[in-house]
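See structure below.
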Amino acid sequence: MWLIGDVELIQQKGRIGFFHYGPRMWMIGGIGPLKALQNSAQRDDIIQRILSEYPVVSFAKDGTLYRLRLNPATPIDSCEYDSPPDHLLGRGRLDAQDHPVLYCAQDIEGCVHECRVTVEDELYIATLHPARPLKLLDLTELLLEEDTTEFESLDLAVHMLFYAPEHSYPISRAIAIAAMKSGFDGVVYPSYSSQVRSGLMPAETVGYGISIRRAARYIPRLTGHAKTGVYPNVALFGRPVRDGIVEIACINRLILHKASYDIRFGPVISH
């Protein structure tokens, strides 16, 4: 309200008009598949689409994953780097009470972001290698959907789901359990900290919208642009360290040497 006088003066002197241009509703979650995922009666149909439309990738035996632990009781014990014990299950994005998940990343910085470490923590990191090729569902891939608008896009729905906080966990857990039952060893999914790591917060509407995705069918380099800022995490189902699905190559102490922040200011809105 305190801008009304300024707006009227600019309109008068500049002979121009102002009008409110609100967001297209898909930008704030008005996407059909995302709404269906929030409806327990419709959720399974969308999950089956996710399982069939997202690509299957094979994580090779020579691939590397990292698992970070904060203040482990016995840092040298390999069990410390497996999925959390039963009494801690059901707190994460993909694990449930009867569905343990080993969360790891393909880069060390990703582990640090996900674990929200402080300088007071004692940090230990395990380097993991698969004992065999792993069958993973890649939820970070760009779906090139034909004749689809932003309001109907499964691709945008899944990305928004994984950028949402804890209220989205029941949905992402349901996807993980369905993937496990379908024979996957785990999933590759967008890190919740992707936007703050890349600085793309909020995400640009052109790159995040459907226009770049459509153009990527004809200009392959645009696929990379549309995926800019998506940092992948890997979640492996069960207890892969105990079961020999992944092997620990080494364990190291991790010391935070320096942290830096890129900060900007925003308005204070009083309700």
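Summary of values
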read-out: Matching helices (runs of 4 or more DSSP H) fully within segment 122-199 where at least 2 residues are in contact (Cβ under 8 Å) with a residue 12 or more places away in the chain and touching a helix residue (DSSP H, G or I) at 6+ places or on another chain (Cβ under 7 Å); value: 154-162, 169-181
read-out: Filter result for Tyr66 (hydroxyl-bearing (Ser, Thr, Tyr) and at pLDDT 95 or above); value: yes
read-out: Complete set of residues in segment 109-156 that are exposed (fewer than 14 other Cβ atoms within 10 Å of the Cβ), in contact with a Leu (Cβ under 8 Å, 6 or more places away or on another chain) and hydrophobic (A, V, I, L, M, F, W, C); value: Val119
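Every residue, every condition in (1) touching an Asp or Glu at 6+ places or on another chain (Cβ under 6 Å); (2) under 26 Å from Pro240 (Cα atoms); (3) modelled with pLDDT under 95, yes or no:
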site	(1), (2), (3)
Phe162	no, yes, yes
Pro165	no, no, yes
Ala174	no, yes, no
Met180	no, yes, no
Phe184	no, yes, no
Val188	yes, yes, no
Tyr192	no, yes, yes
Gln195	no, no, yes
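The values are calculated or read from the model by the stated rules, or taken from the named source; none is laboratory data. Nothing here was measured: the structure is a model prediction, and the numbers come from that model. Don't worry about glycine lacking a Cβ; one is built from the backbone with ideal geometry, like all the others, and counts go over all protein chains shown.
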